[in-house]
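Right, I'll just put the structure down here and ask away after.
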């Protein structure tokens, strides 16, 4: 009687007769079985190699994307013009190159009637290449305060992304360096709670939804 092998099959003894596989199944069946095993092994190896190669390409592609999406050190605003699109980074000089608008207005957060100037939000979105199909955007501040704006709320020249107050840049402490500002004194519609809520100061990021 043979002993039981650790892997579960019985070890033969001298009293047991070994029968060749060719006697049981025929030489053709054995060859076909071996050929199928060889083919399956090679196919599986090819699939695994293809998966590994695809994974390597994906990693390389991810690295390239991350490198392209990296913001320059002097970036002041990042805009994602469409869902899944590459971000567009603006410096203060980039914003200054856009058409500028200015107006004087009081606000519920400041003293007096300061002058605000900067490009319109609409012109910044256009410069970033925002698609016409976008119906809503998200504005995010440095402290991660975020608010949604419907495109219908954005006029050609209003609001502006103010990067100057009284002709000078203004710091984070003074709600800068970027502030979404409406001409609150110009019309009652600009003095609504919904408008106050989207007047984001310390603006850092705009994303199309």
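The values are calculated or read from the model by the stated rules, or taken from the named source; none is laboratory data. A quick note: this is a predicted structure, and the numbers were derived from the prediction, not measured. With ideal geometry, Cβ positions are generated from the backbone for all residues, glycine too; neighbour counts draw on all protein chains shown.
Are any of the residues in the range 164-174 assigned to a loop (DSSP other than H, G, I, E, B), surrounded by 17 or more Cβ atoms within 10 Å (Cβ to Cβ), touching a strand residue (DSSP E or B) at 6+ places or on another chain (Cβ under 9 Å) and in the same structural domain as residue 88 (by TED's automatic domain parsing)?
Here is the first cut: in the range 164-174, the ones assigned to a loop (DSSP other than H, G, I, E, B) are 166-167, 169-171.
Then drop every residue that is not surrounded by 17 or more Cβ atoms within 10 Å (Cβ to Cβ), which leaves 170.
Restricting the remaining residues to those that are touching a strand residue (DSSP E or B) at 6+ places or on another chain (Cβ under 9 Å) gives 170.
Imposing the further condition that a residue be in the same structural domain as residue 88 (by TED's automatic domain parsing) reduces the set to 170.
Within the range 164-174, one or more residues are assigned to a loop (DSSP other than H, G, I, E, B), surrounded by 17 or more Cβ atoms within 10 Å (Cβ to Cβ), touching a strand residue (DSSP E or B) at 6+ places or on another chain (Cβ under 9 Å) and in the same structural domain as residue 88 (by TED's automatic domain parsing).
Considering only residues that are loosely packed, with under 13 Cβ neighbours inside 10 Å and modelled with pLDDT of 95 or more, look in the range 130-144 and name the one that is farthest from residue 113 (Cα to Cα).
135
Right, here's the next one. In the range 178-194, which residues are loosely packed, with under 15 Cβ neighbours inside 10 Å and either within 25 Å of residue 90 (Cβ to Cβ) or in contact with a helix residue (DSSP H, G or I) (Cβ under 9 Å, 6 or more places away or on another chain) (or both)?
185, 189, 194
Hey, can you tell me all the residues within the range 126-159 that are closer than 14 Å to residue 97 by Cα and either in contact (Cβ under 8 Å) with a residue 12 or more places away in the chain or assigned to a loop (DSSP other than H, G, I, E, B) (or both)?
Residues of the range 126-159 closer than 14 Å to residue 97 by Cα: 126-128.
The answer is 127, 128.
Quick check on the range 99-122: of everything there that is assigned to a loop (DSSP other than H, G, I, E, B) and farther than 20 Å from residue 198 by Cβ, which residue is nearest to the chain's Cα centre (by Cα)?
Step one: filter the range 99-122 for residues assigned to a loop (DSSP other than H, G, I, E, B), giving 99, 105-114.
With farther than 20 Å from residue 198 by Cβ added as a condition, the list becomes 99, 111-113.
Details: 99: 28, 111: 38, 112: 40, 113: 39 Å.
Once the filter is applied, the top-ranked residue is 99.
Here's a follow-up. So, residue 78, is that one at pLDDT 95 or above and part of a loop (DSSP other than H, G, I, E, B) or not?
no
Against the definition (in a loop (DSSP other than H, G, I, E, B) and either assigned by TED's automatic domain parsing to the domain that holds residue 185 or within 18 Å of residue 175 (Cβ to Cβ) (or both)), how does residue 83 come out, yes or no? Break it down stepwise before answering.
Working: in a loop (DSSP other than H, G, I, E, B): yes; either assigned by TED's automatic domain parsing to the domain that holds residue 185 or within 18 Å of residue 175 (Cβ to Cβ) (or both): yes.
Taking the combined requirement at face value, the residue satisfies it.
Can you name the number of the only condition in (1) free of Cβ contacts under 8 Å to residues at least 40 places away in the same chain; (2) in a strand (DSSP E or B) that residue 205 fails?
Result: residue 205 fails condition (1) only.
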